[in-house]
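Remarks on the structure that follows.
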Amino acid sequence: MSPNRNKHTGSRLARAAAMLVLLAAGADALGGDNYLGLVSDNDLYVDGRDRHYTAGTQLAWAMARGAAPRWLSWPGALSPLDGGAAAREVSLAIGQVIATPEDLAAANPDPTDRPYAGWLYGDLAVINHAGMNEDEIGLSVGTLGPASLAAKAHRLLHDLTPSVKPRGWHAQVDDEPTLQLRYRFSRFIPVKPDDVWKGDLVPRAQLSLGNVYTGLDLGLAWRFGSYVPRRDLPARIGPGLASATPRFEARRGRTDWMFRADVVGHLVAHNVFLDGSLFDDDSPGVDSRSFAWQASAGVQFTCGTLPLPFAFGFTYVWRESEFHGQRGMNRYGSVNLALRF
């Protein structure tokens with residue numbers, strides 16, 4: 001290696017080290033209680049088939065507790081657990097959901113299979129804690145149809161990989177503005193507190209109202225590990241029991257792990273990814289089931305030994321057939337990354 005190359009390499013390393021120092025200093029100035037998180041769902045993580053709920057991506061920012069302006073955190077005042085503006089946790093997120101039928105090569109999609117559909121949304125979530133309880137009030141606005149950019153994102157991904165090229169996006173659920181409201185409640189019940197590992201049960205319920213998804217979701221999670229935080233599961237996209245917050249708990253100087261498994265029952269009144277549009281009689285859709293169950297298992301690691309604590313997790317999700325005539329259940333993986341700064 002030439003001296004000049006050594007010099008340039010050393011210079012780049014020095015700049016990278018300086019940037020890390022500045023980031024760490026910035027984190028201290030901000031109070032170290034802001035979070036940035038990325039969630040990526042994809043059936044290709046665990047299954048060779050690209051179909052149905054095929055991909056979801058969400059980028060979220062959680063503000064320091066009590067730092068959000070009142071005009072943004074006011075939904076928290078509607079919570080029975082509200083402890084005042086200073087105790088509210090506010091998160092903002094942007095995300096995209098992509099749904100497709102099973103046969104991507106068909107130019108005219110099978111009318112008995114799930115339709116092509118895309119959703120692009122922005123989300124506001126306000127979380128409150130009180131003792132063993134946590135709740136979340138969420139509001140999201142967005143768009144369905146070509147304006148969601150799902151077709152372009154899906155085609156681009158398939159152009160970059162040796163995959164079947166999707167040919168039926170011209171028949172997707174049409175453009176439509178969306179409005180979603182949700183309320184989630186979780187309770188934490190310790191089941192094995194000792195010095196070796198911790199564990200708890202977390203019964204959960206969520207009511208969702210909107211033209212994307214309307215339904216009631218009831219679930220029970222079991223968690224155990226070296227440390228179990230008193231907060232709900234990592235951010236999920238849904239539809240169903242979901243959360244937009246990337247916030248996590250990392251103990252200073254410790255690296256912790258947590259295993260979790262949960263089962264959820266979905267009572268569904270409307271799901272645009274199955275039923276099509278509420279307002280368009282010609283919208284593609286299928287004969288959906290009003291009840292379906294879902295199970296998942298995953299592991300999460302948190303690292304508090306670095307100047308910028310981070311969390312990483314992976315979840316394997318099994319979802320029962322959601323419409324009459326569906327062949328087999330759905331499986332997908334969910335990757336979760338979060339950084340505290």
### Query
Got a sec? Charge dipole of the chain, +1 on Cβ for Lys and Arg, -1 for Asp and Glu; which of P239, Y332, L179 is way out at the positive end?
Y332
#### Entry: Under Karplus coefficients 6.51, -1.76 and 1.60, residue-wise ³J(HN,Hα) of region 275-281 in Hz, glycine/proline x
8, x, 5, 6, 10, 10, 5
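Charges at C-beta only: +1 for Lys and Arg, -1 for Asp and Glu. How large is the resulting dipole of the chain about its Cα centre, in Debye rounded to 20?
Roughly 1660 debye, rounded to the nearest 20.
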### Task
Among L220, P101, A55, pick out the residue whose Cα is farthest towards the positive end of the charge dipole of region 35-340, where Lys and Arg carry +1 and Asp and Glu carry -1 on C-beta, about the Cα centre.
L220
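Using the per-residue mean of other Cβ atoms lying within 10 Å as a proxy for protection, in what order, highest first, do the peptides 208-215, 100-107 fall? Each step should come with its number before you reach the end.
Details: 208-215: 20.9, 100-107: 16.8.
Descending packing order for the listed peptides: 208-215, 100-107.
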## Note on the structure
Relative to the chain, whose Cα atoms define the longest principal axis, helix 150-160 and its Cα axis are tilted in degrees, nearest 10, by 80 degrees
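Where Lys and Arg each count +1 and Asp and Glu each count -1, what net charge lies around A147 among other residues with Cβ under 13 Å from its Cβ? Write down the numbers at each step before the final one.
On the way: positive: K152; negative: D174, D175, E176.
Charge balance near A147 sits at -2.
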### Task
Could you work out the relative contact order of region 35-340, using alpha carbon pairs under 8 angstrom and six or more residues apart, expressed as a whole percent?
18 percent
## Note on the structure
Diffing region 207-224: the Karplus 3J(HN,Hα) column from phi (6.51, -1.76, 1.60, θ = phi - 60°), in whole Hz with x for Gly and Pro, holds 10, 10, 10, x, 8, 8, 8, 10, x, 10, 10, 10, x, 9, 10, 10, 10, 8
### Message
Placing unit charges on C-beta atoms (Lys and Arg positive, Asp and Glu negative, everything else neutral), compute the dipole magnitude of region 107-245 about its Cα centre in debye, rounded to 20.
### Response
260 debye
### Message
With n ≥ 4 as the cut-off for DSSP H runs, can you work out [θ] at 222 nm for the chain, using -39500 (n - 2.57) per run divided by the number of residues, rounded to the nearest 500?
### Response
-4500 deg cm²/dmol
### Message
Spelling out what I want: for every residue of region 229-244, take phi, set θ = phi - 60°, compute 6.51 cos²θ - 1.76 cosθ + 1.60 (Karplus), and round to whole Hz; glycine and proline get x.
### Response
x, 8, 7, 5, 4, x, 3, 10, 8, x, x, x, 5, 9, 8, 9
## Note on the structure
The summed charge of the N330 Cβ neighbourhood (under 13 Å; Lys/Arg +1, Asp/Glu -1) stands at -1
### Query
Lys/Arg Cβ at +1, Asp/Glu Cβ at -1, dipole of region 35-340 taken about the Cα centre: which of L120, L36, P203 is farthest positive-ward?
L36
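Among 243-250, 323-330, 222-229, what's the highest-first ranking by average C-beta atoms within 10 angstrom per residue?
On the way: 243-250: 25.1, 323-330: 14.5, 222-229: 17.9.
Going by the mean number of other Cβ atoms within 10 Å, highest first, we get 243-250, 222-229, 323-330.
What does the net charge come to around L181 if you take all other residues with beta carbon closer than 12 Å to its beta carbon, with K and R at +1 and D and E at -1? Mind dumping the intermediate values first?
Numbers: positive: R182, R184; negative: D123, E136.
That sum, taken over residues with Cβ under 12 Å, equals 0.
Values in this text are rule-based calculations from the coordinates and carry no lab data. Quick caveat: nothing in here was measured; it's all calculated off a predicted structure. Counting neighbours? That spans all protein chains shown, and the Cβs are built from the backbone with ideal geometry, glycine included.
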